[in-house]
Amino acid sequence: GVKPVPGEVEAETPNGPSPGVPPEVRLSLRRWAVVLLFSCYSLCNAFQWIQYGSINNIFVHFYGVSTFAIDWLSMCYMLTYIPLLFPVAWLLDKRGLRLIALAGSAFNCLGAWVKLGSMKPHLFPVTVLGQVICSVAQVFILGMPSRIASVWFGSHEVSTACSIAVFGNQLGIAVGFVLPPVLVPNLEDTEQLAYHISIMFFITAAVATVLFILVIIVFQEKPPFPPSRAQALIQLKPPEEYSYVQSILRLLRNTNFVLLIVAYGLNTGCFYALSTLLNRMVIQHYPGEEVNAGRIGLTIVVSGMAGALLSGIWLDKTKTYKQTTLVVYIMSLGGLVAYTFTLSLGHLWVVFVTAGILGFFMTGYLPLGFEFAAELTYPESEGMSSGLLNVSAQVFGIIFTIAQGKIIDHFGTQAGNLFLCSFLLLGTFITVFIKADLRRQQANLDGEQTDISRDVHPALLKQSVSKAGKKHKISSLLARILPFWKTVPPSTR
C-alpha cells in the first residue's frame, strides 16, 4: 500500500511543468557544466585580484609608485563591490543567472585586455582602469555560488555544489600567488620587466576571452525542472508577490542573519587583509623570497579549498550548520595565532605548515557562510543574502588592510597579525549567539512529508503518526529531566 516517493533522478527534459501543476523535482545533467564553468571564470577574476599584491615590490619598482598605491589595486575590488551590490542583486532577481554570468565574464575579459595597454612605467593609470573594470566583474561573481547551487542542485548536494563554486575563486587566488612570481622575476631592467609582465597579462586576457565565449554557449538560466522541494515552492509563487525592497528589509530584520553578516565580514575581511599584505610580511622576515611568499599564499588557499570542499560534503551529510561554522571559526582563530608567532622564527617550513592550517579553516569558512545564510534567510534571494555577506567582507577587508598595513609599518608584522586575531575572537563570540533556524531544510522536509502522507496507506499513516507522538512524549520527558537534551538537534533525537 506504499507508493515510492518520486526521487531526484538524473534527467534532462525539454518540456516544463503544466500551468497550475506543481513542478516535478528532477536534476539536470547540465548542472555540472554550469557550476564548473562558473568556477573557471571566477578563478580568472580572482587571479587578477591578487596578481599585483603577490609581487607588490616588483610593481612598485616598475611603475615607480608607493606600496600603498599597489595595495589599492587589490582594495579597489573591495571598494567597488559596496555601491554596486544592490543594483547587481536587483538585476539577478529581475533578469536571472544568465545575464549576470554574461556580464561578469564580459567585464572580466574587458579588464584583462585593458591591462595590456599599461606596459610602460608612466601608464599606471591604465592598469588602474583595467583593475577597476575587473573589480566590477567581481560584483557579478561573488554572490553567485549559493544561487547557482540552489537553482541547479538537489537538497542532498547543494552545499557541495556551493563549495565547488567557491572552490574556483579560491583556486584563482592560489594561482595568483604562485604564478606571477614565476612569470615576472625581480629584474632591474624596466624593458625586460615590461616584457615579462606583458606575457602574464596576455595569458590572462586569452583565458578570459575563451571563458566568455563558453559562457555564451553553455550557461543557461535554470534547469527544465526544479532540483529540490524548496526550489519548487519558490517557483510556484507568482512573480508579482516578490518585492525587492521588502526582501532587503526582511533580511535586515532577521537577527540571526545580521549576526552572521558581522561574523562573516570579520573572518573574510581578515583573509583579504592577509592575502593583500602577505608578500610584504614574508619579505620583511625573509628578504629575496618572493617566490616562496607566493608559495605560502598558494599553501593557504589550496589547503583552504580542501577545507571548503570537505565542509560542503560534511554539511550535506549532517546539516549541522551552526556547529560546523562555530568549530571552523574557532580553528581559524587558532591557526592565525599559530601563524603570527611562527612567522618571525626564521624557519620557512614552519611558516608553510602554520599557513596551511590557517588556510584550511579560514578559507574553508567562505562557503559555510554562504550556505548558512541561505538556510537562515529562505525563501529570500540567495543573491541578496550572499551579497550582504560580501559587502560586510569588503568593508572589513578595506579597514583591516589599511590598518594592518600601517601597524606593520610602525610596529612590525606580529602586532599587525595580533590586531586581526582580536577581531577573529570577536567573530567567534558573535557566532555563538546565532540560532540555527534552518528554514530551507525545513521546507524540503515539509515537502517530503506532504508527498509521503499523500501516497501512504491510511493504516500505515496512522501507525506513523502514533510512533511520532510517542517519540515526542519521550523527547519532552527527557527535556525536563536532562536540560542538555534541549541542545540536541531534532534530527539526532
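So here's what we get for this one:
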quantity	calculated
Highest to lowest packing among 112-119, 74-81, scored as the average C-beta count within 10 Å	74-81, 112-119
Accessible carbon and sulfur surface of region 21-77 relative to its total accessible area, %, 1.4 Å	72
Karplus (6.51, -1.76, 1.60) ³J(HN,Hα), θ = phi - 60°, over region 266-276, in Hz, Gly and Pro reported as x	5, 5, 6, x, 4, 4, 4, 5, 4, 5, 5
Within-13-Å neighbourhood charge of residue 71 [Cβ basis; K, R +1; D, E -1]	+1
FRET efficiency, 1/(1 + (r/R0)^6) with R0 45 Å, evaluated for residue 86 and residue 429 via beta carbons	0.95
Share of carbon and sulfur in the accessible heavy-atom surface of region 104-181 [1.4 Å probe, %]	81
From phi via Karplus (6.51, -1.76, 1.60), per-residue ³J(HN,Hα) for region 245-258 in Hz, x at Gly/Pro	5, 4, 4, 4, 5, 5, 4, 6, 8, 7, 4, 4, 5, 4
Protection proxy ranking, peptides 357-368, 149-160, 309-320, average beta carbon neighbours within 10 Å, highest first	357-368, 149-160, 309-320
For region 412-428, 3J(HN,Hα) per residue [Karplus equation, 6.51 cos²θ - 1.76 cosθ + 1.60, θ = phi - 60°, Hz, x = Gly/Pro]	x, 5, 5, 5, x, 6, 5, 4, 5, 4, 5, 7, 5, 5, 4, x, 5
Spatial separation of Cα centroids for region 309-353 and region 387-437, in angstrom	15
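The values are calculated or read from the model by the stated rules, or taken from the named source; none is laboratory data. The structure displayed is predicted, hence computed values, not measured ones. Neighbour counts run over all protein chains shown; Cβ positions are idealised from the backbone, glycine included. Surface accessibility is based on the protein's heavy atoms, side chains included, excluding ligands, DNA and RNA. Shrake-Rupley method; radii C 1.70, N 1.55, O 1.52, S 1.80 Å.
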